[in-house]
Amino acid sequence: MTRARELGKLANRNSLTADNTNNFVGIGSTQPDSKLDVLGGAQISGITTFSSRVDVGAAITIGAASGIVSATAFYGDGSNLEGVA
């Protein structure tokens with residue numbers, strides 16, 4: 001028996017799901033479609049490091065390697081921005 005299957009047996013299937021074929025884990029998702037599939041809100045505290053690109057919905061992208069943040073629009077007075085011509 002795989003570790004993922006053992007982990008999946010610890011919780012209610014509607015709360016935690018392990019897909020042994022693809023090595024996917026679902027939290028609140030009964031059919032995970034990525035390595036970690038969270039359905040609902042998540043709270044992360046402390047420093048979080050992403051080694052690849054981060055997509056926030058379809059409109060915001062953060063390039064981990066490039067340091068470039070792109071979005072469809074930016075709002076605010078920009079008073080804390082530096083290095084902007």
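Points to keep in mind about this one:
Quick grid of which residues meet (1) surrounded by 10 or more Cβ atoms within 10 Å (Cβ to Cβ); (2) more than 12 Å from the chain's Cα centre (by Cα); (3) at pLDDT 85 or above:
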position: S15; (1), (2), (3): yes, yes, no
position: N23; (1), (2), (3): yes, yes, yes
position: L39; (1), (2), (3): yes, no, yes
position: S45; (1), (2), (3): no, yes, yes
position: G57; (1), (2), (3): no, no, no
position: G67; (1), (2), (3): no, yes, no
position: G78; (1), (2), (3): no, yes, no
position: V84; (1), (2), (3): no, yes, no
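- The set of residues in the range 17-75 that are touching a Phe, Trp or Tyr at 6+ places or on another chain (Cβ under 7 Å) and not in a loop (DSSP other than H, G, I, E, B) contains only D37.
- A search for C-beta distances below 9 Å between a residue of the range 27-44 that is under 17 Å from G57 (Cβ atoms) and any residue that is open to solvent by 100 Å² or more (accessible area, probe 1.4 Å) and not acidic (D, E), counting only pairs 6+ apart in sequence or on different chains, returns D37/Q31.
The values are calculated or read from the model by the stated rules, or taken from the named source; none is laboratory data. Computed from a prediction, not measured in an experiment: that's the story for all the values here. Glycine gets a Cβ as well: all are built from the backbone with ideal geometry, and neighbour counts include every protein chain shown. Ligands, DNA and RNA are excluded from the accessible area calculation, which covers all protein heavy atoms including side chains. Shrake-Rupley method; radii C 1.70, N 1.55, O 1.52, S 1.80 Å.
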